[in-house]
Ligand code: 4NP
């Protein structure tokens with residue numbers, strides 16, 4: 001099973017979701033069953049580590065995002081991933097316009113959980129509290145996604 005997490009820049013939301021999902025998959029004993037990556041629809045930050053504000057907020061909750069580096073979504077992703085999950089509706093529309101005949105399940109990342117919000121708000125131009133909110137949302141979203149993946153995975 002392969003999961004790609006997508007936002008705009010791949011330096012705030014999708015790296016947070018990437019780190020949190022890896023952490024929860026390990027806790028669930030599924031680390032070797034599910035491959036995770038993240039990417040951005042935009043290319044401005046390609047090759048860079050996550051935003052320092054996201055790194056710091058994640059570190060305080062026990063997630064190490066420092067090995068991650070931004071990359072842009074590419075055509076091969078639509079063949080290689082089973083789930084391609086967008087942080088907001090704008091990312092989702094961009095993915096759908098690139099998807100061609102992809103058989104991937106392309107959806108909002110928060111569509112599997114029970115969060116009040118369906119989109120993960122972009123924290124880039126806001127204050128530090130926005131980065132904490134991203135982490136809370138992606139923790140809930142990852143729990144919902146793992147419940148869904150457990151249904152998909154052969155025993
Ligand atoms: P992300 O946040 O999509 O969560 O990585 C952003 C990062 C950079 C920009 C916008 C959003 N930017 O405009 O450079």
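Each value in this text was obtained by applying a stated rule to the coordinates, not by laboratory testing. Since the structure is predicted, the reported quantities are computational estimates derived from the model, not experimental observations. Every residue, glycine among them, receives a Cβ derived from its backbone with ideal geometry; neighbour counts consider all protein chains shown.
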Exercise. Pick from 120, 132, 20: which is most flexible by mean-square fluctuation in a GNM of the chain where alpha carbon atoms under 10 Å apart are linked?
Worked result: 132
For this session: Starting from the Cα of residue 44, move 7 Å in the Cα-to-Cβ direction to define the label point; list residues of the range 101-138 whose amide nitrogen is under 16 Å from there.
Result: 122-127
Problem set entry | Cβ-derived FRET efficiency at R0 35 Å, residue 155 paired with residue 66, nearest 0.05 | 0.50
For this session: With label points built 7 Å along Cα→Cβ from the Cα atoms of residue 132 and residue 33, find their separation and express it in nm.
Result: 3.4
For this session: Determine the shape class of the range 77-155: with a ≥ b ≥ c the square roots of the Cα gyration tensor eigenvalues, call it rounded for a/c under 1.5, and otherwise prolate if a/b is greater than b/c, oblate otherwise.
Result: oblate
For this session: Give the whole-number value, in cubic angstrom per residue, of the convex hull volume spanned by the C-alpha atoms of the range 2-152.
Result: 101
For this session: Counting only C-alpha contacts under 8 Å and six or more residues apart, can you give the relative contact order of the range 2-152 as a whole percent?
Result: 27
